[in-house]
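Report on one structure; see the data block that follows.
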Amino acid sequence: MLIYGSKATQIASKSLSDKCTNCGAENSVQMAVFQKYAHVFWIPFFPIGKTGVTQCAHCKQVLEKKEFSSSLLSTYETLISDSKTPRWTFSGLAVLTLLIILVSISNAQNDKKNAQLILAPKKGDIYEIRNDYEHYTLYKIDRVAGDTVFILMNEYESNKVTGLNTLKGKGDAAFVDTPIPLFKSDLKSMFDAGKIMNIDRKQ
């Protein structure tokens, strides 16, 4: 369940000399500026603007920005121009950016590893396969003889890539007994075409 919404935090305040429009008290009006921000799971993601209110300390009347007089609006504009957006309101965006960078680095390293493994197939390698009709299965290398690689196909398929973990959990018994010969060049072509998505090799 995704929990999201918006909140506001006070970033500036100022005591005003203006008379309260409700009770006429002098030097009793306080203006506050609030920074609004969007949050996901209560983590601030990005700022979404500022707003302000005034309150009379005498009669407790509260005015929102849309109710400000021209004099209050002028004071409000000066106050917000002097108040900076807190950096922490960008926290979620910064974390998300960092995660994207880390995932990109991890994917690049994995692609480099797979590019090396596909050139030197080894008994026991597990290939994650994407079929032409967007189903997913596993191949396992039974043995390698020269330029020929003997593949054991998995008996099961999944219509989701996440289902490959379930297939792996079925173990060796889920692979057929009869190996299919393929040339190393065929495997390389499958890899280049994106049909071999990942290679698992036990160290």
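Readers should treat all values here as calculations from the given coordinates under stated rules, not as data from a laboratory. Every value quoted in this text rests on a predicted model; they were computed, and no experiment measured them. Using ideal geometry, Cβ is built from the backbone for each residue, glycine included, and neighbour counts are taken over all protein chains shown.
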Neighbour cut-off at most 12 other Cβ (10 Å), DSSP loop, trypsin sites (Lys or Arg not before Pro), segment 147-181: LYS160
Counting other Cβ atoms within 10 Å of each Cβ, which chymotrypsin sites (Phe, Trp or Tyr not before Pro) in segment 15-82 have at most 15 and sit in a DSSP loop? PHE41, TRP42
HN-Hα J couplings of segment 41-57 from phi, Karplus 6.51/-1.76/1.60, θ = phi - 60°, integer Hz, Gly and Pro as x? 6, 6, 8, x, 9, 7, x, 10, x, 10, 8, x, 9, 10, 9, 8, 5
Could you please rank ARG201, ARG130, placing first whichever residue has the fewest other Cβ atoms within 10 Å of its Cβ? ARG201, ARG130
Counting only residues 5 or more places away or on other chains, whose amide H sits under 5 Å from the amide H of SER13 once H atoms are built in the peptide plane? VAL33
Where does each of LEU102, LEU72 land when they are ranked from fewest to most other beta-carbon atoms within 10 angstrom? LEU102, LEU72
Cα centroids of segment 71-89 and segment 116-159: how far apart, whole angstrom? 62 Å
Hey, what angle do you get for helix 91-117 against the long axis of the chain, alpha-carbon based, 0 to 90 degrees rounded to 10? 10 degrees
Ordered by fewest other Cβ atoms within 10 Å, a rough proxy for footprinting exposure, ASP192, ASP177 read ASP177, ASP192
